[in-house]
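The values are calculated or read from the model by the stated rules, or taken from the named source; none is laboratory data. All values reported here derive from a predicted model rather than from experimental measurement. Neighbour counts are summed over all protein chains in view; Cβ atoms, including those assigned to glycine, are modelled from backbone coordinates with ideal geometry. For accessibility, only protein heavy atoms count, side chains too; no ligands or nucleic acids. Shrake-Rupley method; radii C 1.70, N 1.55, O 1.52, S 1.80 Å.
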Amino acid sequence: MRPNGSTDVPWAGTNPHSAANPVAGLVLAAGAGRRYGAPKAPVFLGQALRALRDGGCEPLIAVLGAGARQARSAVDLTGVHVVDNPLWAAGMSSSLRLGLNTVAGLPGISAVCVHLVDMPGVTAAAVARLLTHTHPGCLARACYDGEPGHPVLLGRDHWAEAAATARGDQGARAYLRLRADQVSVVECADVAAGYDIDER
């Protein structure tokens, strides 16, 4: 294990879901942040990982691309599975596929909580609330005053198809539309905020 580097050992904290329904936390953090003016991972990745970890996700996975070197220097990634996405310019879908493939290779994971790096208003309380819906067939997403947002919870039964249907910069959006009647919408506006950071 190297300081501020990646490791293949999952974060070893306590997860209330780990006994029966372990949930991985996946942060998509590979984008160039064109409107922001710089990659967002060095600035926001630490907060995103903390929200997932403290909300009950274990292990943690971060997909990096643009700004990967700076993120490794700026963020403590000890215990995080770091995945480099050489195709980050193709959009969020390529990062989602890499992340889901990584989670699928880990033993015993029931679901994955997918989070975007640039949403600092998302709290551990929102993540924990979403995780109450965990089972291998679950589909759930946080919403804020009725507006759908992130994180998104994908049960293991959905990983292959969600990866296959991801296109461009839309991640799991197409799959969630396809399965809209199965998606549990979890209101989180009382404990978090669903805004993203596009400009400095």
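A compact table of results
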quantity	calculated
222 nm mean residue ellipticity, helices alone, for the chain (DSSP H n ≥ 4; -39,500 (n - 2.57); rounded to 500)	-8000 deg cm²/dmol
Rounded, prolate or oblate (a/c below 1.5 giving rounded, otherwise prolate when a/b exceeds b/c) for the stretch 139-200 by Cα gyration tensor	oblate
The chain: projected area of the alpha-carbon convex hull, averaged over directions, in nm²	10.0
Residues whose placed amide H lies under 5 Å from that of Glu187, excluding near-sequence neighbours	Cys143
Where Trp88, Trp159 fall by accessible area, highest first, once all protein chains stay in place (1.4 Å)	Trp88, Trp159
For the stretch 74-147 versus the stretch 154-197, the gap between their alpha-carbon centres in whole angstrom	10
Convex hull volume of the stretch 67-166 per residue (C-alpha atoms, cubic angstrom)	128
The stretch 139-200: GluC sites (Glu not before Pro) in DSSP loop, at most 14 other beta carbons within 10 Å	Glu199
Under-5 Å amide H pairs with Gly25, H placed in peptide plane, nonlocal only	Glu58, Leu60, Ile61, Cys113
Cubic angstrom per residue, convex hull over Cα atoms of the stretch 44-121	93
